[in-house]
1. For the pair A:Glu23/A:Asp242, report the inter-label distance in nm, with labels modelled 7 Å from Cα in the Cβ direction.
2. With axes computed from alpha carbons, what is the tilt in degrees of helix A:70-102 against the longest principal axis of chain A, rounded to the nearest 10 within 0 to 90?
3. Within the stretch A:230-255, which residues have the backbone N less than 19 Å from the label spot 7 Å out from A:Phe163 along Cα→beta-carbon, could you tell me?
4. Quick check on chain A: helices-only [θ] at 222 nm, where DSSP H runs of length 4 and up contribute -39,500 (n - 2.57) each and the sum goes over total residues. Nearest 500, please.
5. Checking the a/c ratio against 1.5 first, then a/b against b/c, what shape does the Cα gyration tensor give for the stretch A:178-305?
6. Calculate the dipole size of the stretch A:265-305 relative to its Cα centre from +1 charges on Lys and Arg beta carbons and -1 charges on Asp and Glu beta carbons; express the result in debye to the nearest 20.
7. Determine, from the Cβ-Cβ distance of A:Glu310 and A:Glu33 and an R0 of 51 Å, the FRET efficiency 1/(1 + (r/R0)^6), rounded to the nearest 0.05.
8. Once the dipole of the stretch A:306-406 is set up with Lys and Arg at +1 and Asp and Glu at -1 on Cβ about the Cα centre, which of A:Tyr333, A:Ser404, A:Thr322 lies farthest towards its positive end?
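Laboratory data are not the source of any read-out in this text; all were calculated from the coordinates shown. Just so it is clear, the model here is predicted, and its values are computed rather than measured. Quick reminder, even Gly has a Cβ in these numbers, built from the backbone with ideal geometry, and neighbours come from all protein chains shown.
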Amino acid sequence: MLDMKFLRNNYEEVKEKLKYRGEDLSEFEMFGELDEKRRKLISETESLKAKRNAATEEIAKLKREKKDAEPAIQEMREVGKKIAELDKELKEVEEKLKQILYSIPNIPHESVPIGEDEDDNVVHRTWGEPPEFDFEIQPHWDIAKNLNILDWERAAKVTGSRFVFYTGLGARLERALLNFMMDYHADHHGYTEMLPPYIVNRMSMIGTGQLPKFEEDAFKLEEWDYFMIPTAEVPVTNYHRDEIMLDLPKKYVAYSACFRSEAGSAGRDTRGLIRQHQFNKVELVQFVKPEDSYETLEELTGHAEKILQELELPYRVMSMCTADLGFTAAKKYDLEVWIPSQNTYREISSCSNFEDFQARRAGIRFRREPNAKPEYVHTLNGSGLAIGRTVAAILENNQQEDGSVVIPKVLVPYMGGVEVIR
RNA sequence: GGAAGGUUGGCCGAGUGGUUGAAGGCAACGGUCUCGAAAACCGUAAAGGAUAUGAGGAAUAUCCUUCAGGAGUUCGAAUCUCCUACCUUCCGCCA
């Protein structure tokens, strides 16, 4: 959500910047008119209320002195009715304005490359070399099938498509990664560990920007106004909703299962671990002072990269262009890991600076000094990492000619000493 | 699922229709005192919004709103009524 005053004063400039996002801005057009109407109604209703408040005091005085207050009361009856009418009108206008503000995406940071689609994303840096194989490589779903560590057939029976059972050492590998990542961020990167609810209410989804625009992407509970979280970002960011924070920065690392309807991606990545309705993810979330957020974005991205480096998986860092930023980010880096069977890099982490976009929606503020005015914090988050995709990357990059898979060294202790899945 | 009680400012906590934006306390900030600190004493202190002056900034002034959220009664609601959410306790049910 953008600041209403800022929007009023910089309307044309904002419009110009949002053009690069390729978003539909038709609703945005009504802003000026509604904003003016709102302020006119406020003036009218407030002057009437001031009048009423003065009269009310007068009436109280008359009553105390046991004088006749009836004429004053009669007059205020009319004023009261008028106030009620204006308040109702004002509420409608404010509701419309709120919907508009909620549906305007964030303004891209000046360092974000301008582009029309994902092809305009910029390679920021590359780490490691894609491995060379002197045998016929297999996609991870075939490797997993041969090793008997992933079971899609039964998952389809039990639930449906895009769900999976991890079995045996597969389940162990997933859990090893989860533990390794959590430990690493908590022990080496200074994050506080968090285990959040997987279901949140509507206000939380609005707070981080999933709603009201993208309701069809979410899993909603039938009888409740509750949603399955698409990422731990939602509960962890909303943890501090409507709070005035005192000590910044705050750094949290949270594991959660994530749930996505994947509406609109029918037919894409139908096989394997890349695109599931439910997947596991370790998420990094930070609340920082505005002046620190861009430095923090680099730091946080580095924290996610460190995991890939420890796992010895080749990857690259992409700076997302204006068209591929998503709704809420002012700047975003995607970490893409090498997937040999697809001969390409695939997203495994997204690290974003939202500036005050989420903080404004969710009412997350801080004070610089004990008596200073509250200011909005900047929020950031990044996957550190998506675990299912990490499993896919390990299976593919570490596959051997005999179909076995070598476990990265750092994971062996977490695997109970298992060095190779065969 | 049934019953009772609760939700007030950064925190605790008074307050059952009319100078209550809200007593009191703690924490905070400024000052007096002190070599300095503590203690003591004095003082300042909520958030959001509109308007005016001002550079549509900082600031100041006036006004409005806000006592979980919403609706209602009333000239007037933290205070009365209804609904919702959450918390606590008891009963039931389940693990």
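1. 2.5 nm
2. Helix A:70-102 sits roughly 20 degrees off the main axis of chain A.
3. Counting only backbone N, you get A:230-231.
4. Rounded to the nearest 500, the figure is -12500 deg cm²/dmol.
5. In terms of gyration-tensor shape, oblate.
6. Dipole of the stretch A:265-305, to the nearest 20 debye: 560 debye.
7. My answer for the efficiency is 0.40.
8. A:Thr322
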